[in-house]
Amino acid sequence: MPRKKSSGGQAASASELKRLPDSLQKFDQTIVLLGLMGAGKTTVGRRLAKVLGLRFIDSDHEIEAAANMSVSEIFETYGEDDFRSGERRVIKRLLDDGRPKVMATGGGAFLNEETRALIKDKALSLWLNVDVALLVKRTSKRDTRPLLRAGNPTEILTRLAKERYPIYAEADLTVESSKGMHTEVVSDIIDVLDEHMKQREKEIEV
Ligand code: S3P
């Protein structure tokens, strides 16, 4: 059965909205969160969506719902290649609907050239860059990730970091988020988004 990763927006509290800078009060773009397994894309994404008053979607959850199977079951039954083509189709459908949202993606999604081009075209991408040691600690809590069952998780995550970080670095924005506390990470993202929006306003004025 698909593992539970809830989606759907919740209204932000008055205090959360008060913290939101002016530049983000009417923010209506899609933000796509990138990063390795354990980077906190889902947890941070859900909180960020709440603060921005946007819908939250987790692409892995959508893939699981479409297949009525968990990611692990899809890997076991059909293999990684089929999972990747499902992932590409689902992300395309979610980005093509034109509704602003915060979307967490599976760690491998941005590696696909077509998906990467689509994300660059339709969304603001943000890489949550986290130390491998913290990723290992976080991912050891749940055995839901097929790629980490294939050997030593520290070695696998170190290799994936080496392979993927140059590609994640193509994201529009990056937040170093090894501090651990998800609330702090959300607040860092808000700062980076604020800076980005102010910069864009300046460019428009010129
Ligand atoms: C994967 C990451 C997983 C999931 C699948 C493959 C990857 O998602 O999509 O197990 O290739 O890094 P999370 O990054 O949400 O764990």
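So here's what we get for this one:
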read-out	value
Members of segment 166-177 found to be in contact (Cβ under 8 Å) with a residue 24 or more places away in the chain and either of a type outside the set (Ser, Thr, Tyr) or part of a helix (DSSP H, G or I) (or both), listed by number	ILE167, TYR168, ALA169, GLU170, ALA171, ASP172, LEU173, VAL175, GLU176
Residue in segment 167-176 that is among the polar types (S, T, N, Q) and either within 15 Å of the ligand (Cβ to nearest atom) or buried (at least 19 other Cβ atoms within 10 Å of the Cβ) (or both) present	no
Residue pairs meeting the criteria (Cβ under 6 Å; at least 6 apart or on separate chains; first touching a residue at least 60 places away in the same chain (Cβ under 8 Å), in segment 102-130; second hydroxyl-bearing (Ser, Thr, Tyr) and open to solvent by 10 Å² or more (accessible area, probe 1.4 Å))	ALA104/THR42; ALA123/THR30; TRP127/THR174; ASN129/THR174; VAL130/SER178
Test for GLU16: is it at pLDDT below 95, within 19 Å of LEU126 (Cβ to Cβ) and part of a helix (DSSP H, G or I)	yes
Residue check, GLU184 part of a loop (DSSP other than H, G, I, E, B) and of a type outside the set (Lys, Arg)	no
Scope segment 124-165; condition small (Gly, Ala, Ser), open to solvent by 70 Å² or more (accessible area, probe 1.4 Å) and assigned to a helix (DSSP H, G or I); matching residues	ALA133, ALA150
Subset of segment 31-44 [more than 9 Å from the ligand (Cβ to nearest atom) and either open to solvent by 20 Å² or more (accessible area, probe 1.4 Å) or assigned to a helix (DSSP H, G or I) (or both)]	THR43, VAL44
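This table checks each residue for (1) modelled with pLDDT of 95 or more; (2) basic (Lys, Arg); (3) open to solvent by 40 Å² or more (accessible area, probe 1.4 Å); (4) away from the ligand (no atom under 11 Å from the Cβ).
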{"site": "ARG46", "(1), (2), (3), (4)": "yes, yes, yes, yes"}
{"site": "ALA49", "(1), (2), (3), (4)": "yes, no, no, yes"}
{"site": "LEU54", "(1), (2), (3), (4)": "yes, no, no, yes"}
{"site": "ASP60", "(1), (2), (3), (4)": "yes, no, no, no"}
{"site": "ALA65", "(1), (2), (3), (4)": "yes, no, yes, yes"}
{"site": "SER70", "(1), (2), (3), (4)": "yes, no, no, no"}
{"site": "GLU73", "(1), (2), (3), (4)": "yes, no, yes, yes"}
{"site": "GLY79", "(1), (2), (3), (4)": "yes, no, no, yes"}
{"site": "PHE83", "(1), (2), (3), (4)": "yes, no, no, no"}
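The values are calculated or read from the model by the stated rules, or taken from the named source; none is laboratory data. Bear in mind the structure is a predicted one, so any value in this text is a computation, not a measurement. So basically every Cβ, Gly included, is an ideal-geometry build from the backbone, and we count neighbours across all protein chains shown. Side chains included, ligands, DNA and RNA excluded: accessible areas come from the protein's heavy atoms. Shrake-Rupley method; radii C 1.70, N 1.55, O 1.52, S 1.80 Å.
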